[in-house]
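Here's the structure we're looking at; comments come further down.
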Amino acid sequence: MKKILILGANPETIPLIETAKSMGLYTIVTDPDPNAPAKKVADRGININGMDVERLVEFCKQEKVDSVLVGVADRLIEPYQKVCEALNLPCYGNEYQCEVLTNKGKFNNLCKEYGVSTIPSLPLYRKNIDSLENITYPVFIKPIDRNSGKGMSIAYNETELKKGIEKAFNNTSSDYILLERYMTCSDVLVSYTIVDGEPILSAIADRYTCKEQGKTSQVCLGAIYPSDLLNVYMDKEYPKMVRMLKGIGLKNAILTISAFVEDDNFYYYDPGFRLQGEAPNLHMENINKFDQKKFLIDIALGNETNKSNITKADFQNKHAATIWFLLKKGTIQQINGFEKIENDPSIFHISRRLFEDDIISEEMVGTESQVMARIYMCCQTKQKLKNKISEIQDIVKVFDKDNNNQLINGFKYE
């Protein structure tokens, strides 16, 4: 039985492990947290930090590991590439590709090179931390090497800006962070599958984000597939993105990028060179029968990849959604409703992250750590999808230790 080592063991990695097991692989997952959720699903869990390339290489040699893959963690992409390189194993990205598609500053520079628009931004270096002249508020502050809202904040004045800068630098090992124009327009997610050097748009969704948590990053509340902007995107953006992704030499890989949209102009801001927490791949698998997880595992094994059913970003005229349930600060006492919806024919997957007695701390607010669950669903018509989203949001209830509602208001799809 061939062995695969997967870096990272968060809950979103579980479907990848399950797919690998279904393909007959012996699954090993590594994470410094001995109680990381995905370890309960893998054949074996080890406690090596995914950033520790030297120890991972040594482990793979000792255990005769056949393949290595990164899970759903941005910061583990570069060490994943280094481990593969050291072991001469297949990897879906080279050193340059992994760097430019994880470092937000370098990604911005790449986009400029190919005429792809990004959010207007200003780099701020540690050595020039006091040079804060001519700042236009509000401004969004973020590290260049973190995701899921970690280290990010919004500032409306100089005092808030200084606090945000300190927070961002405390969440990065880089010597600079980014100050961006704070965008309040529409938000989309675009997901590509690159096959034999050809980038193909596999999914595009309208994202709904939480705007009621003050000056923290806007965590996603849900996504609707396909986006109403699909045709606009294909006309205006797809040719530019294809040119850029071919330009950096991607061969067989996946990539998801978020973008703000203002007056049909797209401003890209967050590349994800891996499977996503949002998991658009689950919708692709459910509707188009194309499994990005299996695609990545085949790459890791050096197998011939499945190239069918990946060109249908319109999702065959079906209407799909992911509903995110976010929780306020506090300790969970009771979760109700999942037993009523788990057999709903519109729902094809439920991902649970938090349970009774789990604590949502102040530090988790404004990050994806406050996501209790994600629900994946599909309907034949837009109206049925709207009705079903509203119905599910009414059914699921969460109460804290003081019996207060702990759920943040969900999005309204109108």
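At a glance:
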read-out	value
In nm, spacing of pseudo-spin labels at SER117 and ASN157 (7 Å Cα→C-beta vector)	3.2
Per the chain, cysteines lacking a partner by the 4.7 Å Cβ criterion	CYS60, CYS98, CYS111, CYS185, CYS210, CYS220, CYS378, CYS379
Accessible area expressed per residue, the stretch 1-144, with surrounding protein chains retained (probe 1.4 Å, Å²)	46
Percent carbon-and-sulfur accessible area, the chain, ignoring ligands, DNA and RNA, probe 1.4 Å	44
Listed residue (ASN134, SER217, CYS111) projecting farthest to the positive dipole end of the chain, Cβ model	CYS111
Rounded accessible area per residue of the stretch 288-384, 1.4 Å, Å²	45
Normalised contact order of the chain, rounded percent, pairs of Cα under 8 Å and 6 or more residues apart	14
Rg to Rh, two decimals, where the stretch 276-386 supplies the alpha carbon set and Rh follows Kirkwood	1.05
Of the GluC sites (Glu not before Pro) in the stretch 91-198, those whose Cβ has at most 14 other Cβ within 10 Å and which sit in DSSP loop	GLU133
Identified option (computed mean projected area of the Cα convex hull in nm²; candidates (i) 22.3; (ii) 29.4; (iii) 19.8)	(iii)
In sequence order, calculated HN-Hα J values of the stretch 362-377 (Karplus, 6.51, -1.76, 1.60; Hz; x Gly/Pro)	4, 5, 7, 5, x, 10, 6, 5, 8, 7, 7, 6, 10, 10, 10, 8
FRET efficiency, 1/(1 + (r/R0)^6) with R0 35 Å, evaluated for ILE347 and ILE48 via beta carbons	0.45
Choice from TYR80, TYR208, TYR137 showing the highest fluctuation, given a GNM over the chain with Cα pairs closer than 10 Å	TYR137
Cα-projected label distance for LYS246 with GLU18, points at 7 Å along beta-carbon direction, nm	3.8
Three-way shape label, the stretch 164-269, alpha-carbon gyration tensor, a/c 1.5	oblate
Electrostatic dipole magnitude of the stretch 29-69 [Cβ: Lys, Arg +1; Asp, Glu -1; Cα centre; debye, to 20]	140
Label-point gap, in nm, between THR311 and LYS382 - each point 7 angstrom along Cα→Cβ	2.6
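The values are calculated or read from the model by the stated rules, or taken from the named source; none is laboratory data. In this text, all values refer to a predicted model and were calculated from it rather than measured experimentally. Glycine also receives a Cβ, built like all others from the backbone with ideal geometry; neighbour counts cover every protein chain displayed. In case anyone asks, the SASA skips ligands and DNA or RNA and just uses the protein heavy atoms, side chains included. Shrake-Rupley method; radii C 1.70, N 1.55, O 1.52, S 1.80 Å.
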